[in-house]
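Each remark here refers to the structure printed beneath this line.
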Amino acid sequence: MTKNILIKDALIINEGSSFIGSVLIENQRIAKIYTCGDAAYSLSTIPPEVLCNSEVIEAKGLYLMPGVIDDQVHFREPGLTHKGDIYSESRAAVAGGTTSFMDMPNTNPQTTTVDALNQKFDRAAETSLANFSFFIGSTNDNISELKKAGAQRATAVKVFMGSSTGNMLVDNAQSLERLFGEIEMLIAAHCESEPIVRANIAKYTAAYGIDLDISFHSKIRSAEACYASSSEAVALATKHNSRLHIFHLSTAKELQLLEAKPMKDKRITGEVCVHHLWFSDADYPKYGNRIKWNPSIKTLEDREALRKALVDGRLDVVATDHAPHTLSEKEGSCLKAASGGPMVQHSLLAMLELCTQGVFSKELIVEKMCHAPAELFSLRDRGYIREAYYADMVLVDPKKKCTVAPENILYKCAWSPLEGEVFSHQIHTTFVNGHRVYDQGNFDESEKGMELEKK
């Protein structure tokens, strides 16, 4: 008989506070949380029979946090699996403390039908080491598909109000009105104005030729392009009282569209990605195309505004937009190099590094990376360290450093924009549904993740 697991004497970071305690895992879930409050923590708090019947993990000096829920990843399956796949990228995710992910629809074929959506769920059930869900994509002409009963299985509807692959750019005014007016599910939007982007391309290529270097990327995919599209999405959501979540906000100007109040009181919410909190356009000379994302990395002033908005409540969720490409696909001029990069293995470590620098608190990181996604997407029994919730948790060692290097990068594309970075924390152990899937560099792949259920 498999023993229960007792994680003993960790610093538990959860629901706005940090305290010494122990957590008992039993049958995939958190069975008991032991704490003495402000009193000295004592072994006698835990019943002897629990100690006898449990495998004890001595966690003194370690942080115990809910597992990260990443609400925006591109794991590239099906059709683009030379870059990554559900198995490879979920493996990297759990090594980084991410226990659940929500995957985007711009695969090949695109996830714009209920049949395609179901096929991705089936594949993930076979191969994913983390818990999973998937977005269904909007096009100019698939409203009827989004209204099918099976579409509700999706996390939400993803709409590209800006450049995308295939026919996933939704730029027809009537289609957008129908989407926001008729679809009851949460709508998650990528917002960049295609006409402004195209005008900027014409402007800069006329002046400097077609071989533009990376420094032009944030001029082409400008703050004006982002704001024009985001403000259109907000106007549509306000008009129709839709639930709107704006992905990967990248500019100070867009923050004017959001309110600084508790997420539960909002119909319109905002996400920021780790790379927009970490890099600025001053980093283009050093990193080049490796930090080419859409929306683009923008100014230091934009980065600081995003950081402040995360603290004051205008921004609600931190995610990665994990989007692996091969290094050969990242080569070439500004207009040719692929946009996107891998981040899911190192997102929590990067955020904890910003904590070490005094930018964020540990409690805020847990709120924005764990609690908020669970609440926003109405996930059942996820995102918190609570009794009867699934035991999705991560132990972090705050005293061991971690250097991002080729030999420990787990992405299928085999590179990271953070290569060479020395983090002051290290992921120790990751639990998915109570299963110790990652432990100090070792994997136990005998159990797979679960589909994320809605309340």
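The values are calculated or read from the model by the stated rules, or taken from the named source; none is laboratory data. Remember, it's a predicted structure, so these values are computed and weren't measured experimentally. Neighbour counts run over all protein chains shown; Cβ positions are idealised from the backbone, glycine included. Accessible surface is based on the protein model in full, side chains and every heavy atom, while ligands, DNA and RNA are left aside. Shrake-Rupley method; radii C 1.70, N 1.55, O 1.52, S 1.80 Å.
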**Q.** Ratio Rg/Rh [Cα only; Rh per Kirkwood] for region 95-171
**A.** 0.99
Q: Kindly rank 378-390, 437-449, 226-238 from highest to lowest mean number of other beta carbons found within 10 Å of each residue.
A: 226-238, 378-390, 437-449
**Q.** Solvent exposure of region 49-133 as accessible area per residue, Å², 1.4 Å probe
**A.** 30 Å²
Q: Calculate the translational D of region 197-355 in whole µm² s⁻¹ from Stokes-Einstein, where the hydrodynamic radius comes from the Kirkwood formula applied to all Cα pairs, the temperature is 10 °C and the viscosity 1.306 mPa s.
A: 97 µm²/s
Q: Grab the alpha carbons of region 306-455, take their convex hull, and tell me the volume per residue in Å³.
A: 152 Å³
Q: Find the Rg to Rh ratio for region 217-302, where Rh is the Kirkwood radius over alpha-carbon pairs and Rg uses the same atoms.
A: 1.01
Q) Which value in nm describes the separation of the simple spin-label points at Asp213 and Asn442, placed 7 Å from the Cα toward the beta carbon? A) 4.9 nm
Q: Determine the share of the chain's accessible area contributed by carbon and sulfur atoms, expressed in whole percent, with a 1.4 angstrom probe.
A: 48 percent
Q. Dividing the alpha-carbon radius of gyration of region 264-355 by 2.2 N^0.38 Å (N being the number of residues), what value is obtained?
A. 1.14
(Q) With both bridge residues required to lie in the chain, what share of the DSSP beta bridges run antiparallel, to the nearest 5%? (A) 50 percent
Q: Quick one: grab Rg to one decimal and Dmax as a whole number for region 169-240, Cα atoms only, in Å.
A: 15.0, 46
Q: Using every pair of alpha-carbon atoms in region 407-455, split the distances into 5 Å bins beginning at 0 and state the percent of pairs per bin, rounded to integers.
A: 4, 15, 18, 20, 20, 13, 7, 2, 0
Q.
For a 25 Å ceiling on Cα separation, which of these pairs sit above it: Lys3/Lys60; Lys330/Lys368; Lys8/Lys400?
A. Lys330/Lys368
Q | Accessible area, probe 1.4 Å, largest first, for residues Met351, Met263 | A | Met263, Met351
Q. So how many Lys-Lys pairs in region 210-311 land under 26 Å Cα to Cα, not counting same-chain pairs under 8 apart?
A. 23
(Q) I need two numbers for region 259-302: Rg to one decimal and Dmax as a whole number, Cα atoms only, in Å. (A) 13.8, 42
Q) Across region 393-435, how large is the tail of the calculated P(r) beyond 16 Å, expressed as a percent of all Cα pairs? A) 48 percent
Q.
If you split all Cα-Cα distances of the chain into 10 Å bins from zero, what percentages do you get per bin, shortest first?
A. 4, 22, 32, 26, 11, 4, 1, 0
**Q.** Axial C-alpha extent at least 15 Å, average Kyte-Doolittle at least 1.0 - helices from the chain (DSSP)
**A.** none
Q: Using just the helices of the chain, give the 222 nm mean residue ellipticity in deg cm²/dmol: DSSP H runs with n ≥ 4 each add -39,500 (n - 2.57), and the total is spread over all residues, rounded to 500.
A: -7500 deg cm²/dmol
(Q) Could you order the peptides 423-430, 130-137 from most to least packed, using the average number of other C-beta atoms within 10 Å per residue? (A) 130-137, 423-430
Q: Determine the relative contact order of the chain: mean sequence separation of Cα pairs under 8 Å and six or more apart, normalised by residue count, in whole percent.
A: 20 percent
